[in-house]
Amino acid sequence: MGDRLANKVAVITGGTSGIGEATAELFVNEGARVVLSGRTEDKGNALAERLGDNAVFVKADVMSEDDIKNTIDIAVDKFDGLDILFNNAGAGVHGTLTDITGEDVQHAIQLLFTSTALGIKHAIPHLKERGGGSIINNSSIAAIRDNQGSPLYSATKAAVTHYTKLAGTQLGRMNIRVNCISPGAIATPIFWGGNDVQLTDEHYEKRMQKLQNNLAKATPLKVPGLAMDIATAALYLASEDGRFVNSHDLVVDGGRTSMFFEAPED
């Protein structure tokens, strides 16, 4: 147990598995009171129960502005304020340049970008009341190089990264720091559909081990990226350790973006 987030209140979206789950656990262990949101009620409630009195689960879909606002309001009502927002929720967005539809584009924007912008919007008044705070957005190395995701996913994440920098320059004068994390390929259930795909514990472990082995081959370090690697980056940005970091894109990818990748053949 640590105290790097002692007496801080945090909201983590997409908090029921993967990066969100690891971050919620780390934040609570560092003294924060955490409201975690997600669509999977049984997993969210189980996680909150495991983390104890300093964790609350809220069933919410970041595709809904009402749900975003409600999650933040619950944190303020339950724990008397807000200090940290981690806009973590998201999912893969697929489609090639020639087969995407208008609906695909709108879905990607709503899920990955609009949810982030609206989270920031509804957090600002409460962070101002606290005299400042930290907003962290989950972006991706897909935002800064080719062949790390579909073109639509990459473009939408690029919007998240740029919006982060613009928000940081405007909110910095209020002592609200806004940063993003760009993970490389992190071994999480998102690779097989996240919480929407139900697996037995044995099947989950087998899939995760195979995934980690494959991802380890794709970095100079030859080790896989894990959810906790991103959680510790979020802790740095959320805590006093990151007090002078603002409008920054923190790449956590084991050196993957420095490697050469050939474009896939048609």
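Numbers at a glance
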quantity: Percent of Cα-Cα distances greater than 15 Å, calculated over the stretch 82-126; calculated: 51
quantity: Residue with peak Gaussian network fluctuation, the chain [Cα springs, cutoff 10 Å], from 145, 256, 177; calculated: 145
quantity: Residue order, fewest to most beta carbons within 10 Å, for 206, 69; calculated: 206, 69
quantity: Rounded tilt (10° steps) of 65-79 against the dominant C-alpha axis of the chain; calculated: 40
quantity: Calculated [θ] (222 nm, deg cm²/dmol) that DSSP helices of n ≥ 4 give over the chain, each run adding -39,500 (n - 2.57); calculated: -13000 deg cm²/dmol
quantity: Set of aspartates and glutamates with alpha-carbon distance to residue 222 below 15 Å, sequence-local pairs under 8 removed; calculated: 253
quantity: Residue order, fewest to most beta carbons within 10 Å, for 12, 144; calculated: 144, 12
quantity: Cα-based reach from residue 165 at 21 Å (exclusive), listing lysines while leaving out same-chain residues under 8 positions away; calculated: 121, 128, 157
quantity: Per principal axis, descending, Cα span of the stretch 48-196 in whole Å; calculated: 49, 37, 27
quantity: Crossing angle, helix 151-171 versus the chain [Cα axis fit, 0-90 degrees, rounded to tens]; calculated: 30
quantity: Principal-axis tilt of helix 41-51 within the chain, Cα atoms, nearest 10 degrees; calculated: 60
quantity: Longest DSSP-loop-exposure-free segment, chymotrypsin sites (Phe, Trp or Tyr not before Pro), the chain, at most 11 other Cβ within 10 Å; calculated: 1-243
quantity: The chain: most fluctuating residue of 221, 152, 171 per GNM, C-alpha cutoff 10 Å; calculated: 221
quantity: Most mobile of 228, 63, 208 in a GNM of the chain (Cα contacts under 10 Å); calculated: 208
quantity: Alpha-carbon centroids, the stretch 105-163 and the stretch 40-96: separation in whole Å; calculated: 16
quantity: D_trans [Stokes-Einstein, Kirkwood Rh over alpha-carbon pairs] for the chain, 20 °C, 1.002 mPa s, µm² s⁻¹; calculated: 115
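Values in this text are rule-based calculations from the coordinates and carry no lab data. Computed from a predicted structure; not experimentally measured. When we count neighbours, we look across all protein chains shown, and the Cβ atoms used for this are built from the backbone with ideal geometry, even at glycine.
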